[in-house]
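The values are calculated or read from the model by the stated rules, or taken from the named source; none is laboratory data. Just so it is clear, the model here is predicted, and its values are computed rather than measured. Quick reminder, even Gly has a Cβ in these numbers, built from the backbone with ideal geometry, and neighbours come from all protein chains shown. Side chains are part of the model used for accessible areas, which takes the heavy atoms of the whole protein and leaves out ligands, DNA and RNA. Shrake-Rupley method; radii C 1.70, N 1.55, O 1.52, S 1.80 Å.
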Amino acid sequence: MPLPSFYTTTQWVADYIEYQRKYATQARESDRAFIKLIKEAGKPDMKLLDIGCNTGNLLRLIQREFPASVLSGLDIVPDFVLEAGGASKNIQYEIGDMCSYKAESPLDVITFNAAMMCLSDAELLSALMAAKKNLAKGGTLIAFDFFHPYCQNMEVREFSGEDQVLPMRS
């Protein structure tokens, strides 16, 4: 899967990493919703993969709630994975493509957190099929994303004390 053009812009990637640093220890509302769903679906020693892990914030929050779990993150943007790996202990990070990823062993939970919004229909199907193949029997897929049936030209605005805009175009 080719990287969307905005992910290849050095300044955009640097700005996005800085934006993510605000949430390195503070859970966003969507993070709390993920944790709740994982508690309902997971087990204390689950194997979990966060696809599109960005800088690893969600994984570090999950680790606090499930310290006995085996956690890993996958992202196609090398700078995100480098940032995540430097900030996390006992979480494995990998640069890779969600459309063709193959886990070493079946996973209990797979999360997609705002990771599929730039995929074509064919790529989305590939990503979901890859996730299905990687889930253990009875495993759970939890996804949150922005979907639009047309070319996207949007901005992500954060309203939690600071108004920061990140333009995203695909």
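A few notes on this one:
- Residues of the stretch 29-59 classified as basic (Lys, Arg), surrounded by fewer than 21 Cβ atoms within 10 Å (Cβ to Cβ) and outside any loop (DSSP other than H, G, I, E, B), total: 3
- Top-ranked residue of the stretch 60-96 - restricted to ones that are in contact with an Asp or Glu (Cβ under 9 Å, 6 or more places away or on another chain) and among the charged types (D, E, K, R), ranked as surrounded by the most Cβ atoms within 10 Å (Cβ to Cβ): 75
- Filtered residues of the stretch 117-140 (kept if closer than 25 Å to residue 36 by Cα and either modelled with pLDDT under 80 or open to solvent by 70 Å² or more (accessible area, probe 1.4 Å) (or both)): 117, 129, 132, 133, 137, 138
- From 103, 115, residue being touching a residue at least 60 places away in the same chain (Cβ under 8 Å) and among the hydrophobic types (A, V, I, L, M, F, W, C): 115
- Members of the stretch 6-28 found to be part of a helix (DSSP H, G or I) and open to solvent by less than 30 Å² (accessible area, probe 1.4 Å), listed by number: 6, 12, 13, 17, 19, 20
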